[in-house]
Amino acid sequence: MNIILLGPPGAGKGTQARILVAERGMIQLSTGDMLRAARSSGSEMGKRVAAIMDAGELVTDEIVIGLIEEQLEAHPEGGFIFDGFPRTLGQADALGALLEKHGMKLDAVIEMRVDDDALVERITARSTCATCGEVYNDITKPIPADGKCAVCGGTEFKRRADDNEESLRTRLMEYYKKTSPLIGYYYAKGDLRTVNGLGEIDEVAAEIAKVLDSSA
Ligand code: AP5
């Protein structure tokens with residue numbers, strides 16, 4: 001089964017993708033994580049995208065489509081969660097063509113709907129484990145009191161350079177201008193399912209599980 005998690009920055013895509021990886025053995029393809037890894041590795045591409053990401057703008061379609069194609073080739077068995085991809089109509093068309101080329105199909109596009117006010121609160125309170133990437137939130141999912149990651153026991157946590165109010169405003173504008181048209185695109189294709197992303201993490205996970213079980 002291959003699915004897209006679609007939603008604005010802070011909707012909870014990464015949080016839910018990690019649950020699906022743990023519970024269903026799916027493969028999370030987060031273009032944001034791939035781009036951050038390229039930056040940390042100091043690659044030429046990583047250097048090119050750093051300033052664009054920190055400002056909250058989208059990197060070029062060509063770069064992210066290339067990253068996704070590599071992963072499709074590396075995992076011919078499929079079972080993907082596309083997290084933060086596609087983000088433009090061009091990326092959506094390219095994904096459709098790539099899946100077809102690899103003999104795969106899209107089973108569902110899950111739109112996670114969340115109020116803008118909640119997004120700002122979530123993003124500015126986010127941190128992640130530097131070792132395993134588990135996502136925390138100062139308010140809704142604090143780092144355990146012993147200072148150790150609940151998943152891997154790591155003790156180092158980081159905040160993203162683009163998790164500030166100014167970059168977030170740009171990220172939201174990019175979402176509304178370039179990514180939100182995908183809601184209509186996938187609705188017209190008959191693939192769109194919408195969940196309420198405002199519930200507790202477990203409640204959202206249960207709604208997503210219901211969608212997946214009914215699409216299987
Ligand atoms: P990316 O890393 O994809 O960031 P994003 O889309 O802005 O999404 P986030 O990771 O910020 O949010 P999320 O929905 O995963 O929320 P999370 O689960 O962490 O992209 C970063 C940048 O890379 C882009 O700006 C762009 O420059 C570039 N890029 C990436 N992909 C690209 C593409 N395809 N094309 C072009 N450029 C691309 O949750 C957020 C917080 O909320 C956490 O603290 C979490 O604990 C908390 N939380 C989650 N769920 C709940 C809940 N139900 N209730 C309460 N709190 C919750």
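The values are calculated or read from the model by the stated rules, or taken from the named source; none is laboratory data. Only a predicted model underlies this, so the values are computations on that prediction, with no experimental measurement involved. As a convention, Cβ positions derive from the backbone with ideal geometry for all residues, glycine included, and neighbour counts pool all protein chains shown.
Details
Residues checked against (1) closer than 24 Å to Gly25 by Cβ; (2) within 15 Å of the ligand (Cβ to nearest atom); (3) of a type outside the set (D, E, K, R); (4) out of contact with any Cys (no Cβ under 6 Å at 6 or more places or on another chain):
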{"site": "Glu165", "(1), (2), (3), (4)": "no, yes, no, yes"}
{"site": "Arg169", "(1), (2), (3), (4)": "no, yes, no, yes"}
{"site": "Lys177", "(1), (2), (3), (4)": "no, yes, no, yes"}
{"site": "Gly184", "(1), (2), (3), (4)": "no, no, yes, yes"}
{"site": "Asp202", "(1), (2), (3), (4)": "yes, yes, no, yes"}
{"site": "Ile208", "(1), (2), (3), (4)": "yes, yes, yes, yes"}
{"site": "Ala216", "(1), (2), (3), (4)": "yes, no, yes, yes"}
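- Check on Ile65, more than 25 Å from Asp202 (Cα to Cα) and either touching a residue at least 40 places away in the same chain (Cβ under 8 Å) or surrounded by 14 or more Cβ atoms within 10 Å (Cβ to Cβ) (or both): yes
- Remark: pairs (first residue in region 178-202, over 14 Å from Met112 (Cα atoms); second residue β-branched (Val, Ile, Thr) and near the ligand (Cβ under 9 Å from one of its atoms); Cβ separation under 8 Å; 6+ apart in sequence or on different chains) = Lys178/Thr88.
- When residues of region 122-135 are limited to those that are within 8 Å of the ligand (Cβ to nearest atom) and not small (Gly, Ala, Ser), the one farthest from Thr194 (Cα to Cα): Thr128
- Test: residue in region 104-125 that is closer than 22 Å to Ser167 by Cβ, at pLDDT below 95 and of a type in the set (S, T, N, Q): yes
- Within region 78-94, tally of residues that are within 22 Å of Thr15 (Cβ to Cβ) and aliphatic (A, V, I, L, M): 1
- The residues of region 136-162 that are within 17 Å of Arg36 (Cβ to Cβ) and near the ligand (Cβ under 8 Å from one of its atoms), listed by number, are Tyr136, Arg160, Asp162.
- Wholly within region 98-216, helices (runs of 4 or more DSSP H) carrying at least 1 residues that are surrounded by fewer than 18 Cβ atoms within 10 Å (Cβ to Cβ) and among the polar types (S, T, N, Q): 116-124, 165-174, 201-215
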